[in-house]
Every structure is written in C-alpha cells, then in structure tokens.
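Take a look at the structure below.
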Amino acid sequence: MSLSSPLGLLAEITHRCPLQCPYCSNPLDLIARSAELPTAQWLDIIDQAAALGILQIHFSGGEPMARSDLVQLVERANDRGLYTNLITSGVQLTAETLAPLAAAGLPHVQLSFQDIETNAAETMSGYRGSLEKKRAAARDVVAAGLSLTANFVVQRDNCTRVPAMIELGAVMGAHRIEIAHVQYHGWSLVNRARLLPSRAQLDVVTAAVEQARATHAGKLVIDYVIPDYYADYPKACMAGWGRRFINVGPSGNVLPCHAAETVKTVPIPNIQSTSLSEIWTGSALFNLYRGTDWMAEPCRSCDRREIDWGGCRCQALALTGDAAATDPVCSRSSDRPKIDAALAEAVGGDAPLVYRRFSR
Amino acid sequence: MTQALDPAAIPRFPRHVRFQLDAVRDRWVVLAPERMFVPDEQAVEILKLVDGARSVSAIAAELAARYQAPEDVVLADVALMLADLAARGALQVA
C-alpha cells in the first residue's frame, strides 16, 4: 500500500477551556499554558501542512478562542488554501470576537451544545450561563454569514431531548447538525457508568434522527454518531491510523489521533524537533498501526480489515491492555465481553460526575 | 434519485463552500464543512462555469459549443450533476 498525503489536520492549540465537560476528549494530563507552542511555530505548522497536501484544518482545543493569536492562525491557513473550521464552545464568541475571524477568511464554525435546558447544560458544562451564551454565539455566526454546525453531545441524561435539539439547530439556521453520542475515551471513560445510555434510549434517539433526516432532507445535513459500545463492528477510527489525519497538540506533539499519547511503546514525535512530513512518513508512531500488516487475528483475515482498520487502537489499549488487539467493540473480538460488562454496569449507574480539570 | 435542476436555474457556490485546485494532488476539489467532494473531469469543467451568473442552460450551451456535442445531451448531464451537488449542500440554486 502506497502512502498518500494526509487530508485533515486537527490543531488542538490549547487545552485551556472555560468549560469542564466530564466527557472531554482531551487527555487526562492536560497541557499547561506555559508549555503551549508560540505563534510562530503554529504558523510554520500551517505552512508545512499545506505543503504536505492537507486541505482542511480544524482549530480546536480546549477552547481555541482562549488563544489570542487565533485570528493570525486562521488568516495564515486561509492564505495557504486550507479550509478552516473553528470548533468552539462558543462562550467567548461574540459579534466583536467573530468579526476579525470572519475577515481572516473563516467559513465555518462548529458550536458544541451540552444540552438545551439551562440547568442541565450548566450541570454538564460546569459553566453558568453557557446555554444562553452559545445561543447568542449561534446568532452571531449566522448573522456574519458563516456556516454553522450545531454539535449536540448526547448521553443518558439528555437523550430524550434529541428531537428538540434538532429543531433548535434548524431554527438557529445551522447548515449542519451533529447528534454525537459520547465516545468513551479519556475523561468520558472515567465517567462511563454515569453517561452511557441504555439500548432502549439509544434506539429512541436513532429513530428520532432518522425521522428528522426525512423531514429536513436537502435542507439540513444531520450527521449521527452512536456510542460504539452498541455497534457490532468498530468504527474506522480516524479512517485508519495514519491514513488521512494528523493531530497536533498544544505542546507540539504530533499524533495519529487525539488519544495516541496513551501508546507508550514508541516515542511521541514533536514538531519542534521533526518536520510534519518526516513524522507523517517516517515516525515510529505513525507507522505503528498503519495499514494492515500489524494486525493479529481476528483482524488479519477479516473481510472488514480495510473497512474499519481494526477499529480504535486507543480503545483496544484502554480496555484490553494491548493497543494491537482488535477493538473490543467488535463482535468478533474475544474481548467483547468487556464491553457487554460495561453496558450492564452502566444501567442505573449514578456515580458523581468527575469534571475535566487541570491537575496540580 | 435526484431530480435534475431547471435549465433556467442559476447555481452558485455558497460562501462556505470552496471549489479549488488541490495542487499537491493535481486535481480539483469541493471543500465544505467536514466534507470533501472530488468531482470527475467532466464535472470539473461544469463547476468552473458556476459563477452565480450563468444559468444551467447557459453552462450547457457553452460546454456543448466547446466540445461540439449535442446541447440537449449536455444539458441533461449538467442539470443532473449540479442537482446532485445541490442536494448535498455544496451548491445553492436561485
């Protein structure tokens, strides 16, 4: 298999965030501000990404608007022909903070919503007034003529409100809605028994999404992500390890996915010492689970090995202790009972939420 | 099955959709939020004429003249190809 150029770059420019969502996809060891890359380094990463063939860049975090140089980064990405996406909580987004971003060429903003009820949204985000600020942010994005994606993060407590979420997204003028069930990595794995919906709850959400897709066909794109614990086959995580995407973290670590730092068997490459191109083609980390040669059974002889690429390496590591194992979500994995046990344990689980915070 | 666009319809790229050359791979791409479309050679020639001023039939007439092809055949292809992209949110039609 010949190696092609990457298509997308997830730029997690900071881990700072005013929200404390207990299902944050950031690692448990958050990077402090003092260890963040300087502006010049990010500008260079953007130049390297464009030269390498990357077409879309996603500014994320943490909260990317926490960095004062975001406008500069967007402008550079736009100048280099990259399609720029801002993935934000929206609580710092106002007409005033958005205007320079729009002027810098930003076409699209993805706003995350924890819930559509004020109290529930505040409980999940750990941020007072979050819903009101997000709704105001959505108005500002649409008023500025930018494309809005409303991303609703779904878990046990809010899954009955999915039809109302989609209606809110439509009313706000979103072009695209994501109904995204929590995936269980990092912080959400800690809170799994408190967040996982039941099978019956999941089925209700799925039916609601299908109905809304029919209602809004041709007018609104609705993307849907189920909790992979309920799937028979694993997700094609990152469309395959080192196949399409690169993730750069706040301190310049370059990863095949945002949880890949949990893999401890090879060095984690960093942009301060190695070029993006060298990391993509030659680093031990990106080559570790690239393609299919690394696979053991049941993946190795599986007819789906180039459909799901063995699933998620970090989930295999977290739940089986072996990052080269078949994703335990897979019904063909001997570790599938671990997933079924987690689902059984989650029914009625009411442990207190552990919020995302910096450790001392 | 997508319904073909009206010949009088005027397609344009919305502000958040970019039709551009992917220089590294030497091909044209349509970029949208969390989406990428790679139009084939014929579609690229059609999309290069999408400017928010030309109608579907004007685009077809220009291509028919350029390639000395029957205009009704070209029009059918153009109207269907553009309808498909519009259905996926990558084109607006006035």
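The values are calculated or read from the model by the stated rules, or taken from the named source; none is laboratory data. All of these numbers come straight from a predicted model, not from anything done at the bench. Using ideal geometry, Cβ is built from the backbone for each residue, glycine included, and neighbour counts are taken over all protein chains shown. In case anyone asks, the SASA skips ligands and DNA or RNA and just uses the protein heavy atoms, side chains included. Shrake-Rupley method; radii C 1.70, N 1.55, O 1.52, S 1.80 Å.
Some observations on this one:
- Placing +1 on each Lys and Arg Cβ and -1 on each Asp and Glu Cβ, with no other charges, gives the protein assembly as shown a dipole about its Cα centre of roughly 800 debye.
- The lysines within cross-link reach of residue A:134, meaning a Cα-to-Cα straight distance under 24 Å and a gap of 8 or more places when in the same chain, are A:219.
- DSSP H segments from chain A that extend 18 Å or more along their own axis, Cα-based, with Kyte-Doolittle mean of 0.5 or above: A:39-52
- Shielding of A:78-84 by partner chains, average beta-carbon count, 10 Å: 3
- Cβ-Cβ distance of residue A:99 and residue B:73, R₀ of 60 Å, FRET efficiency by 1/(1 + (r/R0)^6): the value works out to about 0.80.
- Taking every Cα-Cα distance in the protein assembly as shown and sorting them into 10 Å bins from zero, the calculated P(r) comes out as 4, 19, 29, 28, 15, 4, 1, 0 percent.
- Only helices enter the 222 nm calculation for chain A: every DSSP H run of n ≥ 4 contributes -39,500 (n - 2.57), and dividing by all residues gives -10000 deg cm²/dmol, rounded to 500.
- Rounded to 5, percent antiparallel among DSSP beta bridges of chain A: 10 percent
- Extension gain, residue A:338 to residue A:28: 0.36 nm times the residue separation minus the Cα-Cα distance gives 109.4 nm.
- Annotation: extensible slack from residue A:167 through residue A:225 equals 19.1 nm (criterion: 0.36 nm per residue apart, minus Cα-Cα distance).
- Residue A:142-residue B:55 FRET efficiency (beta carbon distance; Förster radius 30 Å; 0.05 resolution): 0.60
- In straight-distance terms, cross-link reach from residue A:264 covers every one of the lysines whose alpha-carbon lies under 27 Å from its own, apart from those fewer than eight places away in the same chain; here that gives A:235, A:338.
- Highest-MSF residue in chain A out of A:185, A:15, A:175 [GNM, Cα springs under 10 Å]: A:175
- Shown are A:338, A:219, whose ranking by accessible area with a 1.4 Å probe and every protein chain present, most to least, is A:219, A:338.
- Net length gained if the chain between residue A:331 and residue A:199 were fully extended (0.36 nm per residue, minus Cα distance): 45.9 nm
- Peptide B:22-31 shows a mean partner chain C-beta count of 3 within 10 Å per residue C-beta.
- When only Cα pairs below 8 angstrom with a gap of at least 6 residues are kept, segment B:11-93 shows a relative contact order of 33 percent.
- Highest mobility in the GNM of chain A, judged by mean-square fluctuation with C-alpha springs under 10 Å and restricted to A:349, A:310, A:173, is found for A:349.
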